[in-house]
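Visitor: Below is one structure. I have some questions about it.
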Protein chains: 2
Amino acid sequence: MAATPEHKIHLSESEMPTTWYNIVADLPEPPPPPLHPGTLEPATPDDFAPLFPMALIEQEATTERYVEIPGEVLDIYRIWRPSPLFRATRLEQALGTPARIYYKYEGVSPAGSHKPNTSVPQAYYNHAEGITRLTTETGAGQWGSSLAYATAQYGMECEVWMVGASYRQKPYRRTMMQVWGADVHSSPSDRTEYGRSLLAEDPDHPGSLGIAISEAVEACVADPNARYALGSVLNHVLLHQTVIGEEALLQLAKVGETPDVLVGCTGGGSNFGGLAFPFLREKMAGKMNPTIRCVEPAACPTLTKGEYRYDFGDTAGMTPLMKMHTLGHGFVPEPIHAGGLRYHGMAPLVSHIYELGLAEAIAIPQRECFAGALQFARTEGIVPAPEPTHAIAAAIREALACKETGEEKVILTAMCGHGHLDLSAYEKYLGGEMVDFELSDDAIAAAMADVPVIA
Amino acid sequence: MAATPEHKIHLSESEMPTTWYNIVADLPEPPPPPLHPGTLEPATPDDFAPLFPMALIEQEATTERYVEIPGEVLDIYRIWRPSPLFRATRLEQALGTPARIYYKYEGVSPAGSHKPNTSVPQAYYNHAEGITRLTTETGAGQWGSSLAYATAQYGMECEVWMVGASYRQKPYRRTMMQVWGADVHSSPSDRTEYGRSLLAEDPDHPGSLGIAISEAVEACVADPNARYALGSVLNHVLLHQTVIGEEALLQLAKVGETPDVLVGCTGGGSNFGGLAFPFLREKMAGKMNPTIRCVEPAACPTLTKGEYRYDFGDTAGMTPLMKMHTLGHGFVPEPIHAGGLRYHGMAPLVSHIYELGLAEAIAIPQRECFAGALQFARTEGIVPAPEPTHAIAAAIREALACKETGEEKVILTAMCGHGHLDLSAYEKYLGGEMVDFELSDDAIAAAMADVPVIA
């Protein structure tokens, strides 16, 4: 099949998808519901009401196949969407592979990643329900900066609790949030009771993502005009991200291609789900038959080494229980550079399709990922964020296998963000200072011991 | 006139210009030639041969109206070109202006600025003549990273002398160059005789752009397989950048618009010339009549306060003499954040058209620029590099004037790069630590005293 002569496969703004795709409508069985941590009964909309606006609570549970994207959200999506689909011809040549590699590039968004695909609708729905302030947590800052950008579009306040160690070591993501008008606090902070209690014990407390979540939630429930926003894991987040896959489907169709293999990196699961779910719909409908592969870091192998259990979404155990692949909510991944993949659990929807056998998973250590990223940067030009280096490494593995077999497979992957604010990771790799982490079964077993046993 | 319903005005790759535009062919009189600093006679091709490949030396002096872009260069341009032209509708709304603001965005290139438009053809022509290594200098790293990217595309070596103070303070641009395979030295370095002589005097010498140029030139002339590359000022550099303006012309035509005002920031002049020259061609042909305005930093007001004189391009006085607006080759601009605009001179071609009355110029202090950049980031989403904040501030001035008069002017500007690696400048602005610099006439007079007097 002839490939396009164009390197970038374009969609016009008028061809942009106007609905998000809800894979729940097409699955052979529904995913297990979230449970209230006290009653262990399925959580009700009222349980979520202090944290999320009604529109998002409805999206979290909807069984409708398509959800219309509001016009006001499309107006903002158009600032960077449709995002380009690239044929990686120069990488293919460098690898000497007969495979054709395509990548959907989300680094063109204002924040440089796929996160604004959901931060914008989340801000929109909150704004529409009269909410004037959003609270959230952020680790290295990708999600916080995306939410700061989105709230700026609707004139809302945005308050971000940033893990203290990152706040002090990574001032640039913090500044990016402030450029967009957000109020950024080092966590633990003196703005919440929980934060003050921790600072009283240790004024130099380095913080953690779990603590930052607790502070953002505490600040949210204390203010009736505020709600809380989450950047991955939940159904409505993955729903919003399906705009990635819907566009990629249209773009590949323009050049007459269907993927044989789709690979995406998985942390919380939103980037992977966003690309993969529309292709899964086509696969379940018998229209194509791609192998769909999750790629996770060897240091945090949720799908490949975790258990499929009910567990908490946060470290402190405040959230509803979700059935997902987990390494235990107390599991603290080693400090790999792909901060966005350092999550103990997996989106319940991704876990569910994995259990159903609709996707497979592999884990790759970070040095192989950065080696692939360097080859990608030197051929395709784009410097990847640490998270998608995993997807690139997996695509390169597949392309090199094709070189052995001579197969002309079509490989599709997601380049979910650029690495302009992650160059310190490349500095370590180039300087020979990057290490791979061996994950012991004991560490997982220890963390799993705290996971509640649900009958 | 109705504006497009699309926020981004698209060109397909097949619509990309295939020639660069040489404004010399259309000017009412030719620009004064460069002079050999010893003989004061017009410099000959042989004078440039140790530094540049013959193809670029020919382009430097050509009077042909159009120069064909080689297919191998177009292949690489297609990685990010055509670049998008955006209608800044959200900024317009925030300003409440009846003006229509368009900006051509060059931050989509791998290095995040317009510089690869010339680094790629420069690497190509050198490679075609058998050159295997390019040397250059860089200040904050924009140019060095663009050349590193370009040489990676042709498998060439790239050696960059980076101003020592920046090398130590700004590791991320340095890492970006290394990701693309460049060899980066802190300047002064022990790799050149000149560098060693300076280090012998002061082992902690902070370096300067002038010193880094001297080292790159010394290393180049010592190796017959090496040539030197410059990122702005010269005719062939501006020629390559005209791809920006040619695309913008086609994009505006698609929505039936012609600019009433064109504003671009000027440091060495390549970004401004690249956007403006194709529009100047149309203006000289009587097809449109835009006001064309250069915007320079108040701390380095080359056009508005400099003299039109023959002067050296570098601080050490090693280059041919060029007739240009200059503040004196010994002038050291204050450390404003727009490092790319801290140049004592101006591209001879830009100086020439300014003298001919074909363009006007204004100077803006940096705090007004960053105020405009913040408003731009919060509405349009893109965080601008410090250099184009000047163009944005000028566009906002013009749009606010239209609000007063009710004029529906079409304003076109160049957003020549993103600010992801310049967030420390925003940190200073947001923290109230940014200052504007008053430039004294005495400082200019002192630097001008060293400028040679040519009869």
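The values are calculated or read from the model by the stated rules, or taken from the named source; none is laboratory data. Worth saying up front: this structure is predicted, and the values here are computed from it rather than measured. Cβ atoms come from the backbone with ideal geometry, glycine included; neighbour counts cover every protein chain shown.
Visitor: Does region A:428-443 hold any residues that are at pLDDT 90 or above, surrounded by 10 or more Cβ atoms within 10 Å (Cβ to Cβ) and within 14 Å of A:Gln366 (Cβ to Cβ), and which are they?
Guide: Within region A:428-443, A:Lys428, A:Tyr429, A:Leu430, A:Met434, A:Val435, A:Asp436 qualify.
Visitor: Another question, then. Does B:Ala49 count as buried (at least 17 other Cβ atoms within 10 Å of the Cβ) and over 22 Å from the mean Cα position of the chain (by Cα)?
Guide: no
Visitor: Something else about it: Out of curiosity, is B:Val184 within 14 Å of another protein chain (Cβ to nearest Cβ) and not in a helix (DSSP H, G or I)? So that I can check it myself, show each step before the final result.
Guide: Values: within 14 Å of another protein chain (Cβ to nearest Cβ): yes; not in a helix (DSSP H, G or I): yes.
Judged against the criteria, B:Val184 is a match.
Visitor: Then there's this: Answer with yes or no whether A:Arg227 is touching a residue at least 60 places away in the same chain (Cβ under 8 Å), outside any helix (DSSP H, G or I) and either among the acidic types (Asp, Glu) or surrounded by 18 or more Cβ atoms within 10 Å (Cβ to Cβ) (or both). Walk me through it before giving the result.
Guide: Values: touching a residue at least 60 places away in the same chain (Cβ under 8 Å): yes; outside any helix (DSSP H, G or I): yes; either among the acidic types (Asp, Glu) or surrounded by 18 or more Cβ atoms within 10 Å (Cβ to Cβ) (or both): yes.
The answer is yes for A:Arg227.
Visitor: Kindly list the number of the only condition in (1) at pLDDT 90 or above; (2) more than 14 Å from chain A (Cβ to nearest Cβ) that fails for B:Ala2.
Guide: B:Ala2 satisfies every listed condition except (1).
Visitor: Would you check which residues across region A:372-390 are among the small types (Gly, Ala, Ser) and either over 17 Å from the mean Cα position of the chain (by Cα) or surrounded by fewer than 24 Cβ atoms within 10 Å (Cβ to Cβ) (or both) and list them? Even if it seems obvious, please write down each step before you answer.
Guide: Here is the first cut: in region A:372-390, the residues among the small types (Gly, Ala, Ser) are A:372-373, A:377, A:381, A:385.
Answer for region A:372-390, where residues must be among the small types (Gly, Ala, Ser) and either over 17 Å from the mean Cα position of the chain (by Cα) or surrounded by fewer than 24 Cβ atoms within 10 Å (Cβ to Cβ) (or both): A:Gly372, A:Ala373, A:Ala377, A:Gly381.
Visitor: Does B:Gly317 satisfy the criteria of being modelled with pLDDT under 95 and surrounded by fewer than 18 Cβ atoms within 10 Å (Cβ to Cβ)?
Guide: On the way: modelled with pLDDT under 95: yes; surrounded by fewer than 18 Cβ atoms within 10 Å (Cβ to Cβ): yes.
Taking the combined requirement at face value, the residue satisfies it.
Visitor: Can you list the helices (runs of 4 or more DSSP H) found entirely within region B:341-421 that contain at least 1 residues being touching a helix residue (DSSP H, G or I) at 6+ places or on another chain (Cβ under 7 Å) and within 21 Å of B:Ser232 (Cα to Cα)?
Guide: Values: elements: B:348-355, B:366-380, B:386-405.
Per the criteria, B:348-355, B:386-405.
Visitor: Taking A:Gly207, is it more than 14 Å from chain B (Cβ to nearest Cβ) and not in a helix (DSSP H, G or I)? Give the steps one after another, and end with the answer.
Guide: Working: more than 14 Å from chain B (Cβ to nearest Cβ): yes; not in a helix (DSSP H, G or I): yes.
So A:Gly207 passes the test.
Visitor: Being farther than 27 Å from A:Ala111 by Cα, within 14 Å of another protein chain (Cβ to nearest Cβ), more than 22 Å from the chain's Cα centre (by Cα) and not hydrophobic (A, V, I, L, M, F, W, C), is that true of even one residue in region A:391-403?
Guide: No: zero hits.
Visitor: Now, a different point. Mind checking which residues of region B:78-90 are surrounded by fewer than 23 Cβ atoms within 10 Å (Cβ to Cβ) and aliphatic (A, V, I, L, M)?
Guide: Within region B:78-90, B:Ile79 is the sole residue that qualifies.
Visitor: Now, a different point. A:Gly107 versus (1) buried (at least 19 other Cβ atoms within 10 Å of the Cβ); (2) within 28 Å of A:Cys265 (Cα to Cα); (3) touching a helix residue (DSSP H, G or I) at 6+ places or on another chain (Cβ under 9 Å): which is the lone unmet condition?
Guide: The number of the failed condition is (3).
Visitor: Okay, next question. As an exercise: evaluate B:Thr63 against (1) surrounded by 15 or more Cβ atoms within 10 Å (Cβ to Cβ); (2) within 24 Å of B:Phe277 (Cα to Cα); (3) away from every other protein chain (no Cβ under 14 Å) and give the number of the one condition it does not meet.
Guide: For B:Thr63, the failing item is (1).
Visitor: Could you figure out which of (1) closer than 14 Å to B:Thr89 by Cα; (2) buried (at least 21 other Cβ atoms within 10 Å of the Cβ); (3) within 14 Å of another protein chain (Cβ to nearest Cβ) isn't true of B:Gly417?
Guide: Evaluating B:Gly417 over (1) closer than 14 Å to B:Thr89 by Cα; (2) buried (at least 21 other Cβ atoms within 10 Å of the Cβ); (3) within 14 Å of another protein chain (Cβ to nearest Cβ) leaves (1) as the failure.
Visitor: Which one of these does A:Met176 not meet: (1) touching a residue at least 40 places away in the same chain (Cβ under 8 Å); (2) more than 14 Å from chain B (Cβ to nearest Cβ)?
Guide: (2)
Visitor: Here is a check on your reading of the model: is A:Pro37 at pLDDT 95 or above and outside any helix (DSSP H, G or I)?
Guide: no
Visitor: Condition test on A:Pro28, is it surrounded by fewer than 15 Cβ atoms within 10 Å (Cβ to Cβ) and farther than 19 Å from A:Ala414 by Cα?
Guide: Working: surrounded by fewer than 15 Cβ atoms within 10 Å (Cβ to Cβ): yes; farther than 19 Å from A:Ala414 by Cα: yes.
Yes.
Visitor: Would you mention how many residues in region A:173-198 are surrounded by fewer than 16 Cβ atoms within 10 Å (Cβ to Cβ), at pLDDT 95 or above and over 24 Å from the mean Cα position of the chain (by Cα)?
Guide: Of the residues in region A:173-198, the ones surrounded by fewer than 16 Cβ atoms within 10 Å (Cβ to Cβ) are A:183, A:190, A:193, A:196-197.
Of the ones still in play, those that are also at pLDDT 95 or above are A:183, A:190, A:196.
Restricting the remaining residues to those that are over 24 Å from the mean Cα position of the chain (by Cα) gives A:190, A:196.
Residues that pass the stated criteria total 2.
Visitor: If you don't mind, another one. With a cut-off of at least 1 residues that are within 13 Å of another protein chain (Cβ to nearest Cβ), name the strands (runs of 3 or more DSSP E) lying wholly within region A:81-167. Quick ask: steps written out before the conclusion?
Guide: Values: elements: A:85-87, A:100-105, A:133-138, A:157-163.
Because the criterion is at least 1 residues that are within 13 Å of another protein chain (Cβ to nearest Cβ), the strands (runs of 3 or more DSSP E) in region A:81-167 that meet it are A:85-87, A:100-105, A:157-163.
Visitor: Shifting gears a bit: Can you tell me which residue within region A:341-371, out of those that are surrounded by fewer than 24 Cβ atoms within 10 Å (Cβ to Cβ), under 30 Å from B:Tyr149 (Cα atoms) and not hydrophobic (A, V, I, L, M, F, W, C), is nearest to the other protein chains (Cβ to nearest Cβ)?
Guide: That would be A:Arg367.
Visitor: Which residue is nearest to A:Gly419 (Cα to Cα), if the candidates are limited to region A:124-148 and must be without any contact (Cβ under 8 Å) to a residue 40 or more places away in the chain and surrounded by 24 or more Cβ atoms within 10 Å (Cβ to Cβ)? Working first, answer last.
Guide: Quick first cut of region A:124-148, residues without any contact (Cβ under 8 Å) to a residue 40 or more places away in the chain only: A:127, A:145, A:148.
Those still in the list that are surrounded by 24 or more Cβ atoms within 10 Å (Cβ to Cβ) too: A:145, A:148.
Details: A:Ser145: 14, A:Ala148: 19 Å.
Once the filter is applied, the top-ranked residue is A:Ser145.
Visitor: Right, another one. Hey, among A:Ile57, A:Ile9, A:Ile69, which residue is within 14 Å of chain B (Cβ to nearest Cβ) and of a type in the set (Val, Ile, Thr)?
Guide: Numbers: A:Ile57 fails: within 14 Å of chain B (Cβ to nearest Cβ); A:Ile69 fails: within 14 Å of chain B (Cβ to nearest Cβ).
From the options A:Ile57, A:Ile9, A:Ile69, the qualifying one is A:Ile9.
Visitor: If you don't mind, there's one more thing I want to ask. Examine region A:57-79 for a residue that is in contact with a Gly (Cβ under 6 Å, 6 or more places away or on another chain), free of Cβ contacts under 8 Å to residues at least 60 places away in the same chain and within 25 Å of A:Thr151 (Cα to Cα), and state whether such a residue exists. Break it down stepwise before answering.
Guide: Kept after step one, since they are in contact with a Gly (Cβ under 6 Å, 6 or more places away or on another chain), are these residues of region A:57-79: A:79.
From what's left, free of Cβ contacts under 8 Å to residues at least 60 places away in the same chain: A:79.
Among the residues that remain, those that are also within 25 Å of A:Thr151 (Cα to Cα) are: A:79.
Checked against the condition, which is being in contact with a Gly (Cβ under 6 Å, 6 or more places away or on another chain), free of Cβ contacts under 8 Å to residues at least 60 places away in the same chain and within 25 Å of A:Thr151 (Cα to Cα), region A:57-79 yields at least one hit.
Visitor: Could you say which residue among A:Asp75, A:Asp47 is at pLDDT below 95 and more than 14 Å from chain B (Cβ to nearest Cβ)? First the steps, then the outcome.
Guide: Working: A:Asp75 fails: more than 14 Å from chain B (Cβ to nearest Cβ).
A:Asp47 is the lone residue from the list that is at pLDDT below 95 and more than 14 Å from chain B (Cβ to nearest Cβ).
Visitor: Just one of B:Thr19, B:Thr97, B:Thr39 is farther than 30 Å from A:Glu106 by Cβ, among the polar types (S, T, N, Q) and out of contact with any helix residue (DSSP H, G or I) (no Cβ under 9 Å at 6 or more places or on another chain); which is it? Walk me through how you get there before you give the answer.
Guide: Details: B:Thr19 fails: out of contact with any helix residue (DSSP H, G or I) (no Cβ under 9 Å at 6 or more places or on another chain); B:Thr97 fails: out of contact with any helix residue (DSSP H, G or I) (no Cβ under 9 Å at 6 or more places or on another chain).
Only one candidate qualifies: B:Thr39.
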